[in-house]
1. Please find, within region 43-71, the residue that is farthest from the ligand (Cβ to nearest atom) out of those that are under 15 Å from residue 99 (Cβ atoms) and of a type in the set (A, V, I, L, M, F, W, C).
2. Wholly within the chain, which helices (runs of 4 or more DSSP H) include no fewer than the required count, namely at least 1 residues that are surrounded by 12 or more Cβ atoms within 10 Å (Cβ to Cβ), of a type in the set (Phe, Trp, Tyr) and at pLDDT 95 or above?
3. Cβ-Cβ under 7 Å, sequence separation 6+ or interchain: first residue in region 36-55 and among the aliphatic types (A, V, I, L, M), partner assigned to a loop (DSSP other than H, G, I, E, B). Which pairs?
Amino acid sequence: MKSKVIVGIAVLAALTASLPRRSWAAHDGASLYKSKCAGCHGASGEGKPKVKAPALKGTALTTDQLAQQITKGAASSKAPHNKGLSGVQEEQAKAIAEFIKTLK
Ligand code: HEC
């Protein structure tokens with residue numbers, strides 16, 4: 001009897017531990033985008049011709065490619081993407097990339 005209760009509690013604890021983390025990641029992607037990207041790419045990913053930043057909503061790039069663009073950049077890209085953006089960890093880049101894929 002007792003062990004069943006303990007298993008039940010363990011399962012519940014595991015479930016509740018995994019749930020908030022997921023929604024935290026989604027939320028984090030949105031707020032990170034706002035603070036790190038929106039200044040150039042627009043609040044809804046509409047792009048800003050003034051700073052020559054292209055629209056990101058509806059991008060054909062995959063989440064992996066987006067995350068790569070954020071953390072590593074490409075030598076052939078123009079600033080600021082000729083290298084990785086400073087102060088963005090890989091996990092954060094993934095969260096931002098997932099958020100960008102939700103922009104329509
Ligand atoms: C200082 C302004 C600036 C900031 C901040 C910035 N970008 Fe950019 N971004 C640009 C410019 C300018 C380009 C075009 C670069 C080029 O054509 O080589 C670009 C291009 C891109 C591209 C390529 C789009 C395509 O269709 O080829 C992606 C993806 C991108 N940015 C994502 C991001 C993300 C995600 C962030 C935030 C983590 C971010 N950028 C922050 C200015 C910015």
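1. Looking at the filtered set, the residue picked out is 43.
2. Here the list reads 2-36, 90-102.
3. These pairs meet every condition: 53/47; 55/45; 55/46; 55/47.
The values are calculated or read from the model by the stated rules, or taken from the named source; none is laboratory data. Source: prediction; values computed, not measured. Cβ coordinates were reconstructed from backbone atoms using ideal geometry, including for glycine residues, and neighbour counts include every protein chain displayed.
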